[in-house]
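Asks: My questions will all concern the structure given below.
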Amino acid sequence: MGSLGAILKHPDDLYPLLKLKMAVRHAEKQIPSEPHWAFCYSMLHRVSRSFGLVIQQLGTELRNAVCVFYLVLRALDTVEDDTSIPTDVKVPILIAFHRHIYDRDWHFSCGTKDYKVLMDQFHDVSTAFLELEKGYQEAIEDITKRMGAGMAKFICKEVETIGDYEEYCHYVAGLVGLGLSKLFHASELEDLASDSISNSMGLFLQKTNIIRDYLEDINEIPKSRMFWPREIWSKYVNKLEDLKNEENSVKAVQCLNDMVTNSLIHVDDCLKYMSALREPGIFRFCAIPQVMAIGTLAMCYNNINVFKGVVKMRRGLTAQIIHRTKTMADVYGAFFDFSCMLKSKVDKNDPNAAKTLSSLEAIQKTCRESGALNKRKSYIIRNELKYNSVLIVLLFIILSIIFASLSANRSSD
């Protein structure tokens, strides 16, 4: 649930953490009885617990379509990610993947752990796909076809320029944004968003992941996966893998800051996209990951630990974001708070400091001009408070009661 030390340091995390734990349990109990749908939702929770949670914001029909869409693209991504598959085998599969989703008998063994299970039992995903309304099927097929072709292109192509980086992120994530916009429109709950701002929703999330996952990708076996564009990293080191070497720590952080600054160009589009959403469930489904992304960038910026491990927000802060992201005012508030956090970390001597500050000031200006900042309580950035021993004792008592209750419930189950 979150370490005791973290809860004592951030007591406001306690209620959101408990609520998150209950939401996770509830989501796990919502698995349908039909075998193929049971497989889809069970697999969704296994390959992405966070997505399995935010998808619960959607109504049943749209939730089923998004679940299948996500698993189809996860399967496609599993093929792309498996560096042990020979190129002459991988490329045709990627290009034809949009046809395989109509074939209940098709499967292809690759990937590891849960992803291997997904691929081995892909027929269950296909069966679920074939039960969706035609509008949903057409949207999923179209995006799968375009994404597969884009992935195939980059199997044989390095990410050299910033233009390549934008194009790669478009294929693997911008198209997800386009696809979700199509699914929302097919549900008749939202107007169809423009391709450009839908694309930005995906690119902002993807670029955040690429930045955060540097070390995991560069250490991939049997072959490194390199998504940071040469046009950026070559300004700082001779080889991308050199960024993880301690002697290059100053240059590595400067390169990291350059990458974060590049990702901030999508924030304005993301805020426009979210502000246009009408249905509360769809809004929360879209907004929570975006707030998580700006928060992750704030954690990663100017942080050498990106090159030593995975940098991420504490679980309690994640729970607070899920708990409190309900309206556009909450989103403006979160983006304002995290941009303030990021701004406080900018080193004036950083080569991209002026550009970074300009982007952050533009984000803050948009948030201020929304008029929403006065309507919400700032919950992300707070001054550290000194808690006395009485409060600490009370927290221990409360936690003991909670843990005892949870243990009793498990025993009765």
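The values are calculated or read from the model by the stated rules, or taken from the named source; none is laboratory data. Owing to the predicted nature of the structure, the values given are computational and were not obtained by experimental measurement. Positions of Cβ are backbone-derived with ideal geometry, glycine not excepted, and every protein chain shown enters the neighbour counts. Each accessible area value is taken on the protein alone, full model and side chains, heavy atoms only, with ligands, DNA and RNA left out. Shrake-Rupley method; radii C 1.70, N 1.55, O 1.52, S 1.80 Å.
Asks: For the stretch 113-122, indicate whether the set of residues that are crowded, with 22+ Cβ neighbours inside 10 Å and touching a Ser or Thr at 6+ places or on another chain (Cβ under 6 Å) is non-empty.
Replies: no
Asks: Cβ-Cβ under 7 Å, sequence separation 6+ or interchain: first residue in the stretch 235-251 and under 19 Å from Asp217 (Cβ atoms), partner part of a helix (DSSP H, G or I) and open to solvent by 80 Å² or more (accessible area, probe 1.4 Å). Which pairs?
Replies: Tyr236/Lys251; Val237/Lys251
Asks: Considering each of Ser411, Ser405, Ser358 in turn, give the residue that is of a type in the set (Gly, Ala, Ser), over 22 Å from the mean Cα position of the chain (by Cα), in a helix (DSSP H, G or I) and at pLDDT below 65.
Replies: Checking each option against the conditions leaves just Ser411.
Asks: Looking at the stretch 183-199 only, could you name the residues that are open to solvent by 10 Å² or more (accessible area, probe 1.4 Å) and in a helix (DSSP H, G or I)?
Replies: Within the stretch 183-199, His185, Ala186, Asp195, Ser196, Ile197, Asn199 qualify.
Asks: Output the residues belonging to the stretch 213-234 that are in contact (Cβ under 8 Å) with a residue 60 or more places away in the chain and open to solvent by less than 70 Å² (accessible area, probe 1.4 Å).
Replies: Within the stretch 213-234, Asp213, Tyr214, Leu215, Glu220, Arg225, Phe227, Trp228, Pro229, Ile232 meet the criteria.
Asks: Scanning the stretch 25-37 for residues that are at pLDDT 70 or above, assigned to a helix (DSSP H, G or I) and surrounded by 14 or more Cβ atoms within 10 Å (Cβ to Cβ), which turns out farthest from the chain's Cα centre (by Cα)?
Replies: So the residue we want is His36.
Every residue, every condition in (1) more than 25 Å from Cys270 (Cα to Cα); (2) touching a strand residue (DSSP E or B) at 6+ places or on another chain (Cβ under 9 Å); (3) assigned to a helix (DSSP H, G or I), yes or no:
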position	(1), (2), (3)
His107	yes, no, no
Gly111	yes, no, no
Tyr115	yes, no, yes
Gly148	no, no, yes
Ser181	no, no, yes
Met201	no, no, yes
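Asks: Of the residues that sit in the stretch 235-278 and are β-branched (Val, Ile, Thr) and surrounded by fewer than 20 Cβ atoms within 10 Å (Cβ to Cβ), which one is nearest to Val306 (Cα to Cα)?
Replies: Per the criteria, the residue is Val250.
Asks: Additional query: Taking into account only those residues within the stretch 316-332 that are in a helix (DSSP H, G or I) and not aliphatic (A, V, I, L, M), which is nearest to Asn64 (Cα to Cα)?
Replies: Looking at residues that are in a helix (DSSP H, G or I) and not aliphatic (A, V, I, L, M), I get His323.
Asks: From the set of residues in the stretch 296-315 that are part of a helix (DSSP H, G or I) and touching a Lys or Arg at 6+ places or on another chain (Cβ under 9 Å), which is farthest from Pro351 (Cα to Cα)?
Replies: Result: Thr296.
Asks: I would also like to ask the following. Can you tell me which residues in the stretch 44-55 are at pLDDT below 90, open to solvent by 50 Å² or more (accessible area, probe 1.4 Å) and not small (Gly, Ala, Ser)?
Replies: Arg49, the sole residue that qualifies.
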